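The values are calculated or read from the model by the stated rules, or taken from the named source; none is laboratory data. Just so it is clear, the model here is predicted, and its values are computed rather than measured. Using ideal geometry, Cβ is built from the backbone for each residue, glycine included, and neighbour counts are taken over all protein chains shown.
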Amino acid sequence: MAKYITEINKQGNIAVDDTILVKDYPATAGSKMLENFVPLFSAEAVERVVAAGYTLSGKTAVGEFGLDLYGETSTSDICAAATLVADGEVRAALNVDLNGAPRRAAAIKGVTFVKPTYGTVSRYGVIAAACSGEQIGVTAKDADTAAEILTVIAGHDAKDGTSLKQDKYEYNTDISAKGMKIALVKELYDAADDEVKAKIDSAAAAYKKAGATVEEISVLGLSEIKTAWTILMSAETTNNLSRFDGVKYGYRTEKYKNIDELYVGSRSEAFGFLTKATIIYGSDVLSKGRYEVCYDKALKIRRKAVETLTELFAKFDALLMPAYSKADFEAYDVTDAFNKVYEESLFTAPASITGMPAVVTKGVQLVGNYFADGKLLALAKVLEKEEA
Amino acid sequence: MKYELVIGLETHVELATDSKLFCSCGGHAAANEPNDCVCPACSGMPGMLPVTNKHAIELAVKAGLMLNCKINQYTTFDKKSYYYPDLPAAYQITQWFHPICVEGTVEVGDRKIGIKQIHIEEDAGKLVHDDATNTSLVDYNRTSVPLIEIVSKPDFRSADEVITYLKKLKAALQFAGISECEEGAMRCDVNISVRPEGTDKLGVRSEIKNMSSFAEIKDAIEFEKVRHVDAIERRTEMLVQETRRWDEVKRRTFPMRNKETAADYRYFPDPNLMPIVIDDAWLEEIKASMPATAEEKGQKYVDMGIATKEAAVLASDAKLCSVFDAVVAQGREPKSVASWILTECMSRMRYLGIETLNIDPAKLSRIIELVDAGEITRAAGKKVLAAVFESDVDVDKYCDEQGFNAKVDEGAVLAAVKAAMEANAAAVADFKSGKEKAFGAIFGACMKELKGNGDPALIRELLNKELSK
Ligand SMILES: [Zn+2]
């Protein structure tokens with residue numbers, strides 16, 4: 001399978017996923033809808049890595065609009081960026097984490113991915129699906145390299161209204177784990193297969209060895225958090241993707257006699273199954289009479305999730321949890337994709353819905369409080385060293 | 001049975017900002033060609049994020065303060081979804097959950113009209129049908145231009161009240177620099193029902209969409225009243241709650257296609273725009289920048305020595321005010337300026353069929369200066385003014401060309417008086433036989449002889465002297 005959707009420079013050292021805009025190069029977001037879309041400007045994060053002297057190697061595959069955790073509804077390899085990093089072909093990759101796809105890819109390929117605190121990296125130039133949770137993160141071979149690139153891309157950008165005001169962030173990956181308190185989330189551990197459990201077990205052992213404490217805890221409401229994020233993500237995606245209507249750019253059906261047929265034809269022919277299912281679900285949760293019981297309730301669960309996790313972070317430095325239930329997905333009918341894909345968000349939704357940082361390394365996931373990105377990377381480094 | 005009208009208005013006006021609501025494109029006023037003022041943000045390209053125009057927030061707060069509203073210091077932007085080619089992102093950013101201003105009032109005559117809310121929203125683009133190719137073309141110059149929608153309570157009881165309110169609103173918004181309110185730029189949705197006088201229960205409501213001419217609004221309301229009363233009294237039709245349009249040619253309303261109105265807009269808070277918090281300091285700053293209201297301005301004019309009635313007329317129109325203020329600022333005497341604007345300028349405007357005064361204040365000032373200093377006569381001044389209105393002439397140059405000069409010496413005046421008497425021997429004879437009215441004709445002839453120059457008092461004096469000889 002091709003390494004890149006679009007190659008930019010053979011000597012390049014940064015791969016960029018195809019939902020992030022690079023001026024003059026196609027940006028498909030993994031969708032037939034945008035197969036010929038060429039943006040007029042680059043994402044802020046791209047501008048920053050280039051300004052810092054890195055070169056772009058190419059655009060890597062994503063599941064359609066980044067919704068897909070597995071990639072089976074996409075024809076491309078959504079682990080392409082993580083593979084390039086694992087093979088040492090690039091120094092790092094910029095990926096949009098909206099439902100945890102790059103976290104999952106990093107866990108499968110055994111590399112490191114950091115999803116930074118929401119608002120620290122500009123989303124300007126990301127083909128948006130779920131604005132309230134999606135965030136550009138960095139895939140790299142280890143925590144230090146991820147921190148190096150994150151330092152370059154993080155910081156205030158006036159072009160993004162949700163960008164936090166701080167100009168620069170520093171990530172100290174040399175904080176000692178000694179004395180740190182780590183909580184192992186029981187419900188998520190129990191939901192994983194033995195292979196994943198073994199990874200968590202060895203991570204816990206490594207932390208104890210490094211002088212940290214590891215305590216198993218129970219977090220209530222994880223299933224509600226998963227559902228709430230599916231609701232919010234689907235609703236926002238529905239809204240953001242409605243601009244792809246065949247009128248201005250992107251795919252347009254050949255068979256239409258009036259504007260309604262143009263809309264319906266273009267969108268029916270260009271969107272994949274999971275995208276359509278997400279749009280239908282997202283339209284439903286925002287519709288009259290459903291808003292209060294679905295969308296508004298999901299917003300309440302989001303606030304509750306922030307409270308719950310913030311309380312936990314008063315006691316613990318980080319939560320240790322799997323990034324997924326199992327590395328391989330079973331073959332199933334694609335028409336069941338919506339349920340299957342979003343079932344796996346059980347592991348990724350807590351960080352997505354709260355905007356808290358998450359780091360995946362050595363197949364395990366660490367979630368921390370807002371702005372604990374550096375601490376999580378330092379903890380990731382402990383596991384990387386252990387294995388080295 | 002007698003019926004009363006119950007009317008509520010939703011009025012859209014464009015805010016007078018330099019750029020659009022969420023991007024830095026200039027307003028559509030800056031556009032020459034279709035799609036001149038368009039960027040990736042306001043044309044719905046992926047990857048762009050909205051950044052709120054602070055000035056638009058301030059202007060909306062000003063509108064709220066003027067209409068005695070409570071300002072919501074916590075206000076949000078929300079998304080309203082629907083598909084239409086003039087809406088490039090397929091959603092409009094508006095304020096659904098927490099509008100910026102609520103609960104205001106406007107005095108209309110001796111009644112108080114309630115304002116339910118004022119909210120900020122983006123305008124949509126414009127569709128143009130090209131007959132040559134039989135295709136629809138879209139122009140995004142207007143997309144994302146900031147609007148406010150002023151929603152009244154159903155407090156109007158007649159078409160006249162509606163028109164009075166709209167005129168007052170227009171004047172007030174122009175005054176405060178909130179909106180230019182250009183011709184046709186004030187767009188109204190009119191909600192109408194009727195009920196037997198003395199009852200409280202609201203009747204079936206129809207909404208007439210997108211009206212801009214005050215005269216048409218009045219006619220549409222009158223039409224709807226008759227239609228509703230006929231439906232109730234004579235059962236001419238079954239009234240249903242619906243959205244209608246006014247047909248300016250057929251002079252009647254007609255229902256819009258059901259499809260256009262049955263939409264579910266799926267409102268939700270825009271995650272890309274943080275809630276706006278208008279803290280006390282910012283609110284005070286906006287309050288301090290409020291210009292005088294029409295009433296305050298009128299009072300200021302009265303204090304300058306202008307008669308109450310004249311002051312009110314001046315103060316009711318932003319353009320009259322701005323010309324008046326500018327001319328007075330150039331050192332002219334306020335009473336004199338008021339008289340020139342309200343008498344001479346307005347008479348020219350009526351003559352030429354112009355609605356808004358559009359004159360270079362420096363030119364008007366120069367004319368008044370020349371007349372007040374006795375350099376040219378008022379009659380000559382009026383001729384210069386007419387020339388300024390018609391071809392924007394240079395005042396001094398025009399006076400020279402026309403030979404206007406009030407300072408004609410006594411000898412020349414006397415010669416003109418004698419010439420006029422000679423040419424009007426019959427009138428002179430009439431006057432001498434006691435018909436005093438004949439004086440006017442001879443005096444007019446003198447003026448004509450002098451081409452409007454000369455001091456009228458001197459002409460009168462010399463003419464009297466000559467006639468009594
Ligand atoms: Zn723009």
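At a glance:
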item: Helices (runs of 4 or more DSSP H) contained entirely in segment B:343-402, each with at least 3 residues that are over 30 Å from the mean Cα position of the chain (by Cα) and surrounded by fewer than 20 Cβ atoms within 10 Å (Cβ to Cβ); result: B:395-402
item: The one condition in (1) buried (at least 24 other Cβ atoms within 10 Å of the Cβ); (2) of a type in the set (Ser, Thr, Tyr); (3) within 30 Å of B:Val38 (Cβ to Cβ) that A:Thr60 fails to fulfil; result: (3)
item: Selection count where residues are in a strand (DSSP E or B) and more than 10 Å from the ligand (Cβ to nearest atom), scope segment B:1-30; result: 12
item: Tally of residues being in contact with a Leu (Cβ under 6 Å, 6 or more places away or on another chain), modelled with pLDDT of 95 or more and within 14 Å of chain B (Cβ to nearest Cβ) across segment A:221-270; result: 1
item: Set B:Asp303, B:Asp279: member being more than 31 Å from the chain's Cα centre (by Cα), surrounded by fewer than 17 Cβ atoms within 10 Å (Cβ to Cβ) and not basic (Lys, Arg); result: B:Asp279
item: Filter result (away from the ligand (no atom under 14 Å from the Cβ) and surrounded by fewer than 21 Cβ atoms within 10 Å (Cβ to Cβ)) within segment B:31-56; result: B:Asn32, B:Glu33, B:Pro34, B:Lys54, B:His55
item: The one condition in (1) at positive phi; (2) within 16 Å of the ligand (Cβ to nearest atom) that B:Asn68 fails to fulfil; result: (2)
item: One residue from A:Leu150, A:Leu84, A:Leu69 being in contact (Cβ under 8 Å) with a residue 12 or more places away in the chain and assigned to a loop (DSSP other than H, G, I, E, B); result: A:Leu69
item: Residue ID - farthest from A:Leu164 (Cα to Cα), chosen from residues in segment B:57-87 that are within 14 Å of chain A (Cβ to nearest Cβ) and outside any loop (DSSP other than H, G, I, E, B); result: B:Ser81
item: The listed residue being touching a strand residue (DSSP E or B) at 6+ places or on another chain (Cβ under 7 Å) and at pLDDT 90 or above, out of B:Ile221, B:Ile178, B:Ile163; result: B:Ile221
item: Qualifying positions in segment A:15-38 - more than 19 Å from the chain's Cα centre (by Cα), within 12 Å of chain B (Cβ to nearest Cβ) and within 20 Å of A:Leu67 (Cβ to Cβ); result: A:Met33, A:Leu34, A:Phe37
item: Hey, B:Ala406 more than 33 Å from the chain's Cα centre (by Cα) and part of a helix (DSSP H, G or I) or not; result: no
item: Cross-chain or 6+ apart pairs with Cβ under 6 Å, segment B:141-164 first and in contact (Cβ under 8 Å) with a residue 24 or more places away in the chain, then away from the ligand (no atom under 16 Å from the Cβ) and small (Gly, Ala, Ser); result: B:Ile148/B:Ala60; B:Ile148/B:Ala63; B:Ser152/B:Gly8; B:Lys153/B:Gly114; B:Pro154/B:Gly8; B:Asp155/B:Gly114
item: Hits in segment A:281-296 - residues which are more than 10 Å from chain B (Cβ to nearest Cβ) and more than 17 Å from A:Gly133 (Cβ to Cβ); result: A:Glu292, A:Val293
item: Qualifying residue in segment B:150-168 (condition: within 30 Å of B:Met45 (Cβ to Cβ) and outside any loop (DSSP other than H, G, I, E, B)); result: no
